[in-house]
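**Q** One structure is given below, represented as structure tokens, and several questions about it will come after.
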Amino acid sequence: MAKKFYVTTAIDYPNADPHLGHAYQKIIADILARWHRVLGEKVWFLTGLDEHGKKIQREAEKNGESPRKFVDEKSEKFKEAWKILNINYNRFIRTTDGDHEKLVQNVIEKCKKNNDIYLGEYEGYYCVGCENYLTEKDLIDGKCPYHNKEPEIIKEESYFFRLSKYRDFLLELYEKNPKFILPEERRNELFSRVKEGLKDLSISRTSFDWGIQFPGNKKHVIYVWFDALFNYITGAGKNKEFWPADVHLLGKDNGWFHGVYWPAFLKSAGFELPKHIFVHGFLSFNGQKISKSLGNVISPKTLVEKYGCDSVRYFIARQFPFAEGKDGDFSEKELIKRHNNELANKLGNLFSRISNLIEKNQMEMCENSLKKKIDLEKIKILFENFEVDKVLNEIFSFVDFCNEFIQKNKLWETRDKKLLYNVADSIKIIGILLWPFMPFSMEKVAKDFNFEVGENTFEKINVPLEIKKIKKSEILFKKFN
């Protein structure tokens, strides 16, 4: 049986239209999913929307709509954005889906049986923007650090989850499995906070009704984060066969929920834990986090219309060191620079030049002596470590080597049939390896050079390119001014 790979993204609040901050994570998830398909693995890729909670209810009311109508309209916009970016997910989950609501209510019952839920009263700070309970310590100048707004003070009857009971379990988990939370810096942050102690968590609300009804008490709806996290199990295949997830990708504002609440909930309900929780940085624009509230939203659709889907995907993966979990500042100027220098001058020029030479001359099949210059095992390891920018560094070093090989051997003069074949077969390797990043472009190249890209093609890297008639390729990447 093929090895399984299950990747999830955070599910977005549809209180606003999708923007580049949302797209960053989805692009990386899609690249990882496609790479594992290239390896021949059975892949499941889940994304979707977190549709319950006070934030959504308020936004719907502002628009004069019911919450249901509001989220239905927004969900179509998110699906359209991911289609434009060629995000090839297996399921787009919505927390209003019937199978999800049923699963969450069943989980509440499991946690109750484990004596982990009790009725009490919550009084304290609450940030509606991130749907999170806050303490004085969490605030910066009296405001939520992520939304720069003063939290609400709420007091209401609530069911509580015995989170305090799981402190030692979590500390042992972090120590015994240091790669459970990545990168290390994020793991260390959570370890320190959990070590200080944990308070029991309020997991129901009575002050609004847009949520999953708490089983056995119609006055309460289930806290949005208890509800939302279980989407990863609801959406884990038809029969949940892909659980546990290989990796959850999420932004740093979600690290606490996934690294602390989530394993505690899973342990209580009797589920296996995911293998990795990867907490990445934010994309910023002119030094500020991209968000509707700050008024600096960049639409994926606008960017794709200007620069093309594959150029946007390539820039996102190449520009920002994802595996380090650091923030990155988006710059159209840098996108244009990378597109012109790397995609047009280096990659596009290689395809165009060699296809032109092959069209005018025959090739002769031989062993490709160039492929030893690309370290496939290293690329596999880099992908395993989520170092997608370094994967591209490796591939483009090989692109540079192929361009230098053409120059050094003056193939436009010698027209050596075996040397031309060496380069053509190397283009096949480049196309297979770059397909997860730039699927549209590499599918065009594969068609021009008569090879396959996509699922189960990694092993074909070592299968010699079949000689067929090759015509000069159209310009793949036109330069931007």
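**Q** Would you mind pulling out the separation of the Cα centroids of the stretch 292-353 and the stretch 176-244, in Å?
**A** Rounded to whole Å, the Cα centres lie 33 Å apart.
**Q** Taking θ as phi - 60°, what are the ³J(HN,Hα) couplings along the stretch 47-52 by the Karplus curve (6.51, -1.76, 1.60), each to the nearest whole Hz, with x for Gly and Pro?
**A** Computed from phi, the couplings for the stretch 47-52 are 9, x, 10, 9, 9, 9 Hz.
**Q** Search the structure for amide H atoms under 5 Å from the amide H of residue 181, placed 1.01 Å from N in the peptide plane, and list their residues when 5 or more places away or on another chain.
**A** Amide H neighbours of residue 181, under 5 Å, 5+ apart: 277.
**Q** Let me ask something additional. So how many Å³ per residue does the convex hull of the Cα atoms of the chain work out to?
**A** Value for the chain: 151 Å³ per residue.
**Q** Check each of the GluC sites (Glu not before Pro) in the stretch 304-411 and keep only those in coil by DSSP with at most 14 other C-beta atoms within 10 angstrom; list them in order.
**A** Hits after loop and neighbour filter: 364, 367.
**Q** 5 Å is the cut-off here: which amide hydrogens, built 1.01 Å from N in the peptide plane, fall below it relative to residue 134, excluding neighbours closer than 5 in sequence?
**A** 125, 126, 127
**Q** Further, regarding this structure: Along Cα→Cβ, 7 Å out, is where each label goes; now give me the distance between the ones at residue 105 and residue 401 in nm to one decimal.
**A** Placing both labels 7 Å along Cα→Cβ, they lie 6.0 nm apart.
**Q** In nm, what is the difference between 0.36 nm times the number of residues separating residue 306 and residue 377 and their Cα-Cα distance?
**A** Full-extension gain reported as 22.0 nm.
**Q** Here's something else I'd like to know. Given labels modelled 7 Å from the Cα in the Cβ direction, how far is it in nm from residue 188 to residue 149?
**A** 3.4 nm
**Q** Write out the GluC sites (Glu not before Pro) in the stretch 184-269 meeting two conditions: DSSP loop, and at most 13 other Cβ atoms within 10 Å of their Cβ.
**A** For GluC sites (Glu not before Pro) across the stretch 184-269 that sit outside H, G, I, E and B with at most 13 neighbouring Cβ atoms in 10 Å, the list reads 196, 241.
**Q** Calculate the dipole size of the stretch 217-265 relative to its Cα centre from +1 charges on Lys and Arg beta carbons and -1 charges on Asp and Glu beta carbons; express the result in debye to the nearest 20.
**A** Magnitude of the dipole: close to 240 debye.
**Q** Next up: What nm value, rounded to one decimal, do you get for the distance between residue 364 and residue 195 when each label is placed 7 Å out toward the C-beta?
**A** 6.8 nm
**Q** Name the shape class, rounded, prolate or oblate, that the alpha-carbon gyration tensor gives for the stretch 74-227, where a ≥ b ≥ c are the square roots of its eigenvalues, rounded holds for a/c under 1.5, and otherwise prolate holds if a/b is larger than b/c and oblate otherwise.
**A** Verdict is rounded for the stretch 74-227.
**Q** Hey, another quick one. So if each residue of separation counts as 0.36 nm, and I subtract the Cα-Cα distance between residue 413 and residue 169, what length gain in nm does that give?
**A** Contour length minus Cα-Cα distance gives 81.0 nm.
**Q** Quick one: dipole size for the stretch 79-227, taken about the Cα centre, charges +1 on Lys/Arg Cβ and -1 on Asp/Glu Cβ, in debye to the nearest 20.
**A** The calculation lands at about 500 debye.
**Q** For the chain, what is the charge dipole size about the Cα centre, in debye to the nearest 20, if Lys and Arg each add +1 at the Cβ and Asp and Glu each add -1 at the Cβ?
**A** I would put it at about 1260 debye.
**Q** Using a 7 Å offset from Cα along Cα-Cβ at residue 385, what residues in the stretch 312-354 end up with backbone N under 19 Å from the label point?
**A** 317-327
**Q** Taking the Cβ of residue 44 as the centre, find all other residues whose Cβ is under 14 Å away and add up their charges (Lys, Arg: +1; Asp, Glu: -1).
**A** +4
**Q** Could you tell me what percent of the DSSP beta bridges with both partners in the chain are antiparallel, to the nearest 5?
**A** Antiparallel bridges: around 50 percent, rounded to the nearest 5.
**Q** Sum -39500 (n - 2.57) across every DSSP H segment of at least 4 residues in the chain, then divide by the residue count to get the 222 nm mean residue ellipticity, nearest 500.
**A** It lands at -13000 deg cm²/dmol.
**Q** Out of the trypsin sites (Lys or Arg not before Pro) in the stretch 1-109, which ones are loop residues according to DSSP with at most 12 other C-beta atoms within 10 Å?
**A** For trypsin sites (Lys or Arg not before Pro) across the stretch 1-109 that sit outside H, G, I, E and B with at most 12 neighbouring Cβ atoms in 10 Å, the list reads 3.
**Q** Moving on. Could you let me know the centre-to-centre spacing of the stretch 367-389 and the stretch 426-455, using Cα atoms, in angstrom?
**A** Each part's Cα centre sits 16 Å from the other's.
**Q** Same structure, new question: With an 8 Å Cα cut-off and a minimum separation of 6 or more residues, compute the relative contact order for the stretch 332-462 in percent.
**A** Rounded, it is 28 percent for the stretch 332-462.
**Q** Right, next: List every residue whose amide H lies under 5 Å from the amide H of residue 93, counting only residues 5 or more places away in sequence or on a different chain, with H placed 1.01 Å from N in the peptide plane.
**A** Amide H neighbours of residue 93, under 5 Å, 5+ apart: 47, 48, 49.
We did not get these values from a lab; they are worked out from the coordinates using the rules stated. This is a predicted model, so every value here is computed, not measured. Quick reminder, even Gly has a Cβ in these numbers, built from the backbone with ideal geometry, and neighbours come from all protein chains shown.
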